[in-house]
Structure formats: C-alpha cells, structure tokens
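Beneath this line is the structure, given in structure tokens, with notes to follow.
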Amino acid sequence: MQQTSARGGALRALAPLAWVGPAVALIAVVVVWPVVVMVQSSFLKISRFGVVQGGNGTGNYDKLFGEPDFGGVMARSLVWVVAVVALTVLVSLALAQLFNQRFPGRRFARWALIAPWAASVLMTSIIFKWMLDPEVGLINMLRRDLGLLDALGGAAADPLGSAAGAMPWLVFVAVFVSVPFTTYALLAGLSAIPADVYEAAKIDGASKLRTYWSITLPLLRPALTVAALINVMNVFNSFPIIWAMTHGQPGYSTATSTIFMYILKGSDIGESAAMSVVNFGMVIVLTIVFLKVSKWRTAPA
Amino acid sequence: MNKRLVGALTLGLSAALVMTGCGSTQSGSDGGDKASGGDVTLKLVAADYGDGPTADNSGEKFWKGVVDGFQKANPGIKVDVQVINWNDIDKQVATMVQNGQVPDILQTGDYSGFVKDGLLYKTDEVLSASTSADLLPKFADFGKVDGVGYGIPFVSSARALFYNKDLFTKAGIAEPPKTWDELKAAAEKLKKAGVSQPFGLPLGNEEAQAESFLWFMGNGGGYKDSSGAWAVDSAANVEAFQYLKGLVDAGLTTPNPGTKNRKDVWADFAAGKVGMVNGGPMSIPIFEKGGLTNFGVAPIAGKTAALDTTLGVEDWIMAFNKNGHQEQIKKFFDYFYSGDAAQKISDTYKLLPVTKSGIEKLSSDEKLKPFLDALPNATFYPFQDPKWSEVNTQVKQTIGGAVGGDPKAVLGAIQKVATAG
C-alpha cells in the first residue's frame, strides 16, 4: 500500500515530462546533436568523400589559424556585422517613427515595406547582382544615362569586381533585407508606449528631440534590444547575399567567416568544421557582449 | 496519468527508432540474385548529363534506350538503372558503399576513391580486348592506379578557342590568333572596333582552374612539372599570368576576371559582347541558344604557336566486384562500347568520345574538329593526386587575384597549399 503510493508520487513528479519531453527531445535532436557532431568533426580527419579517417587532434584548428586569410576574414566579419546592424537599426528607427505617424496611404506604405522581407534573400541578391552587371546591369545603364559612367562593359561599370566597390553594395543589400523586420519590431515597440507619457512631456514643455531622447528611446529599449540582437546573429551567419553576389571574391577579399567555412568544405571538411566551431563561439561571444553593452538584465520587462 | 506517460515514452521511442531506421530502409533486395540459370539483375547507377528527370534529354531516357537494346540482345540479364544528379551522386554512392549495397556498375566523375578499398574489378576483367584496344590510350592511362586499370573512360570533354566571326570581320581580323602576340593584336583591333570585352576571361570560382590551366599550357607550364612535382608557381606559369595581367590592364578582357564566371562570360559571348573566349563542345548549344551562330572554333593560342594539346576532362564507368556479376558486366560494357550508345551520348549532350572509333564517327563535324584533333593528346588535371581537391579549391578562389596583383605571389601561395604537409 505504502509502496504503491510512493510509486504514484514518483510518477506524478515525472508527469510534466509528457509535455516538456517532446520539446526537449526536439531541441536535443535538432539543436544539441548537430552542435555535438560539429565539435566532434572538428577534431577528426575526414576524407573529401566524407569518410572519417581517424582523429586529427587539434590539427584542423592549427591549419585553420595558419590560413593566411583567416585574420582578414574574421576582422571583415566583425566589420560586416557592426556596419549592417548599425545601419539597419538607424534606418529602421527613422522608418518606424515615420510609419507611426498618421498620414494618407500609411497602410499601403506599411505593406510595401514588407516586400523586401517577403522576397527570398537569395533572389534579392541575384537581382542586385544583375542590376550591377557590367554589360547589361540596370543600375549601370542608369549611371551611364546620368553621365556618371563612360561606357558599359569596363572595370568602371563593375562595382562587384573589387572589394572596395563590392563591400558597400553587399552592406546595402544586407540592410535592405534586414530593415523590414527591424522596422516592424520597433513599430510594435512604439505602439506599446502609452500616450499619457507623451502628454505629460508636452505639459512639461519638452522639445520634440528631448521627448524622443528621454521618452521614446528608453521605452523602446526592449524592442530595440531584441531586434538588434536577432539582427546580429542573422547578419553574422548571413550567407546568401555575399555568396550570390561575389562568392567572397576577388580572392577572399569579400568573404566573411560563414563564406570561408563553406569554401573550406570543398577542400577539407575537418577544417571547415573547425571554422564552424569558431563561428559558433563568435556568435555566442557577440551575443554576450551585446547583451552586456545593452544592459539586458536591467531593461524593464 | 500512468497511461499517458507510457504513451509519451512509446511515442518518443518509436520516433527515435524511425530516425535511426532512416539510414537502412533500403535493405533487403540486395544487388539481385545470383542463382545459376536464373535471371541476373545488374544494378547500374549513373550520373545525369541532362537537365533533370523531366527533361527530354534526361539520363533516365538515355539509359532506358541503351538498356532496352541490351536486354533484347541478352535475354537472361536485366539492368536496373538509377540515375542521380551530379550534386548528389557522390554522397549517395558513398552511402551505398557504407551500407554494403554497392551497384554492379557505376558511372560518375571519379573512380579513384574506390580502388584503395578493393571494391572494383580491374579493367581487363570486365572489358574485352577489342574494346580495350579501341580506347584512347592517354585516356585509359588515367584510369590506372599503380599501373593497373580500374576506371574505364566513359565520355570526355575538351577546350578550344571560340571567336565571333562577325566581330572579327568588323575589326578586320583575317583569322583566329595562334600566338599570344597575335591574340593581343587581335584584341586591340576588337577594342578599337568597339567590342567591350575583346577576350572573355573567366577566372572566378566556377572554373578558374580550367582557364588558368589553358594559359599555363600555352607557355609549356602546368600544375605539375614533368617529374610530377607540384609547380604552380613555375617561371612558365608566372609568365603566363604576367601576360594575362598585361591584357587585363590594357582593358582587353572581361573586367575584374577574378570575379567572373564562365557561365556569365559565355552568355556575354552569345550576346555578341565578347570577341574570343575559350570554351568546350558543351558551350556550342549555349551560344546557339543565345542567338549566336556565326562563330568559329580554333585551337587555343599559345605563346609561340597554337596548342597541339588541350584540357581534357573525362568521366568514368566502373564495375564493382561485390556481387560477382563479372560476365554479365563484361557483356554490358561490350554492348555499350561497340554499339551506337557512345555516339548517342555525344549527340545528345555534346560530350566527346573516348574511343578511336568514336572520334572517327564524329570527324565530319566542322565545329567539333578542333576538339577531336587535340583530344588524343589531351592534358588532364592532376586529379589523382590527393592534394588536388585542396589545390583546386584554392585555385578557384584566389588565382583570379594574380591578374590584379602580383602573379608570382598569388601562384606562390597556391604552390604552398599544394606542397604543405
């Protein structure tokens, strides 16, 4: 008798597993397991057919850190993330403010903003690549018609052909596809700010700039933090834009760590896995740094 | 409560079972039975040279034609064909091998990975003497590991110089250039005539290793020297890229070649924006589809004379020994090589034959002639070297930088990858 009730108690304690279990199992299989395999692979010697040829110690990491382009790639990844996220947030703050006003056609404008978000990133990138084609690119034809370009087909009509010309365009496209989500996140944050706070500010005689700085921005912080954080991770792992537009070329001069990882996969899967681990670590470090800087814990819930 | 928990556990367990089961669902009907007197089923796995399973030129349709004819001529032998696209075939075959479900015959881009594990029949075990003798010797040699043949040449491809005849007439150029000096002079004339890309130079990641190799050859260079040691930064190769750099700096090529892919440059050629470009038989339908028909094909220009060799690429067919169908495989190969199947491949996919008789059959085609002439003397990538895949990756990504920066430094960095560890 006593025994059965004890067993019943134990079962009751385990009961939540029925609900939590599937989710835990899903995370374990879909998230944790690949990470484990990734870390494992980074210490293995793997043939190009994918056959494991035994352990490789830290050989993959030694080789990776010895790559002449490794330092440049990592530095570029950081610049890429900072530039794209900063520009995205700035543009989105302005756009959110604009779309929060009442004006005729607002509904239409808000819908239009979704377009770059709804379109596939790969498609957007390929279209921009076409528009920048030296022979038949729309943007180049426009530049020629405006007198900014002497002739089509030459190096001057080929902004994606050099790192200096390509990076601004890559950043532009990345911002272009990131802005809709960020703007909507901020717009949601804006509409959650109660109107009476603004009324109080008005009665106190605060200027518009002052109101924005002291009321809107602080109250927007939770939305801003989440939006920026998601962007940081997204942009750091962003692959299709650079891959479709430049393949990281010329050389590795427009490659970020994600692109580098993919290229390495063609020659050495173990080294590529090591790059993935470094990449994974970078995302975690970036996230922690970001949360520290934006004082995530003290932000109002 | 109790029941639900058990239910959840069962669910979880069965899910786990399903997942682990995925890898081995195809077990069972293994390779066909070998019962004496009964029918033998050969399993053939092949790559798709066509445009996918629904296209008119799909591999399924091509192989069905071959197999129907073979089965009619050889009652008692059935052939089961599985066509896989190029992106997946390596992985799927690797899975088959790992699961012990190897095909009898495999047609794909490489054979060398299977030799070490002793999975393949030797060439002379499954190929009759007459078929063996018909294969181009240089091509067959590349199917050998330590002097023993395992890979049987299946189809090949080669490169030659394509030029736009209309643009050549417009620029007043009488015939295609044979030497580098003539090529530069022709490019300058084309430039003056308003051609934006006199020479199409794709050194982007799609196939920079091919374009570079052709220029190395033009100066007697290559990825390796005559002793078989890596020589990517040899004096001949560096000189070739210095010459290219001169063309690029003078604006006589595709702008920023290091970021341009052959697909795009070929499209520009088809659109009449490019005067000359290196291409293969497979580019002929691309140019024609793009609306360009008045083009000529010539041997590739070298430093002092036109090349008598070319870049050869060959694909392979091979026989696995696990199911022991040696006799039947031999019959199939003989049927394939002696019949019109090989020619049908050339016609359908613009691929080149690997047999002497195949070359003869095609020799009347004016546009294929430069390819066929150079084919018996073709040069190949050093793909048997285990370092090649790494070198290849590095070449694709970085060699384009050699025409923008210092050729010696860029080629030296690739050489370092080739000789490291």
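The values are calculated or read from the model by the stated rules, or taken from the named source; none is laboratory data. What you see is a predicted model; the values in this text were computed from it and never measured. All Cβ positions, glycine included, derive from the backbone under ideal geometry; neighbour counts span all protein chains shown.
A few comments on the model shown:
- Residue match in region B:117-129 (condition: touching a residue at least 60 places away in the same chain (Cβ under 8 Å) and within 14 Å of another protein chain (Cβ to nearest Cβ)): yes
- Taking region B:159-191 as the range and being of a type in the set (Ser, Thr, Tyr) and closer than 22 Å to residue B:371 by Cβ as the test, the residues that pass are B:163, B:179.
- Residue A:141 more than 12 Å from every other protein chain (Cβ to nearest Cβ), farther than 30 Å from residue A:98 by Cβ and either modelled with pLDDT of 90 or more or surrounded by 20 or more Cβ atoms within 10 Å (Cβ to Cβ) (or both): yes
- Residue, surrounded by the fewest Cβ atoms within 10 Å (Cβ to Cβ), within region A:51-84, restricted to residues that are of a type in the set (A, V, I, L, M) and more than 14 Å from every other protein chain (Cβ to nearest Cβ): A:75
- The helices (runs of 4 or more DSSP H) falling completely within region A:212-288 that include 3 or more residues that are within 14 Å of another protein chain (Cβ to nearest Cβ) and in contact with a helix residue (DSSP H, G or I) (Cβ under 7 Å, 6 or more places away or on another chain) map to A:240-245, A:257-265.
- Members of region B:254-291 found to be out of contact with any Pro (no Cβ under 6 Å at 6 or more places or on another chain), in a helix (DSSP H, G or I) and either among the aliphatic types (A, V, I, L, M) or more than 14 Å from chain A (Cβ to nearest Cβ) (or both), listed by number: B:267, B:270, B:283, B:284, B:285, B:286, B:287, B:288, B:289
- Applying the set (1) touching a residue at least 12 places away in the same chain (Cβ under 8 Å); (2) more than 18 Å from the chain's Cα centre (by Cα) to residue B:416 leaves exactly one unmet item: (1).
- Odd one out for residue A:116, checked against (1) within 14 Å of chain B (Cβ to nearest Cβ); (2) in contact with a Ser or Thr (Cβ under 7 Å, 6 or more places away or on another chain); (3) of a type outside the set (Ser, Thr, Tyr): (1)
- Looking across region B:318-341, the residues that are of a type in the set (D, E, K, R) and in a helix (DSSP H, G or I) come down to B:327, B:330, B:331, B:334.
- Within region B:53-84, being of a type in the set (S, T, N, Q) and part of a loop (DSSP other than H, G, I, E, B) holds for B:54, B:57, B:58, B:74.
- Of note, residue A:9 satisfies the criterion of being small (Gly, Ala, Ser) and either under 30 Å from residue B:86 (Cβ atoms) or modelled with pLDDT under 90 (or both).
- Candidates are the residues of region B:183-210 that are within 14 Å of another protein chain (Cβ to nearest Cβ) and part of a helix (DSSP H, G or I); the one that is farthest from the chain's Cα centre (by Cα) is B:192.
- Candidate set from region A:265-292 (those that are in contact with a Leu (Cβ under 8 Å, 6 or more places away or on another chain) and crowded, with 20+ Cβ neighbours inside 10 Å); member that is farthest from residue A:167 (Cα to Cα): A:270
- Residues of region B:342-397 that turn out to be charged (D, E, K, R) and in a loop (DSSP other than H, G, I, E, B), as a count: 6
To keep it simple, each residue is scored yes or no on (1) in a helix (DSSP H, G or I); (2) over 23 Å from the mean Cα position of the chain (by Cα); (3) of a type in the set (Lys, Arg).
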residue	(1), (2), (3)
A:103	no, yes, no
A:109	yes, yes, no
A:112	yes, no, no
A:142	yes, yes, no
A:168	yes, no, no
A:175	yes, no, no
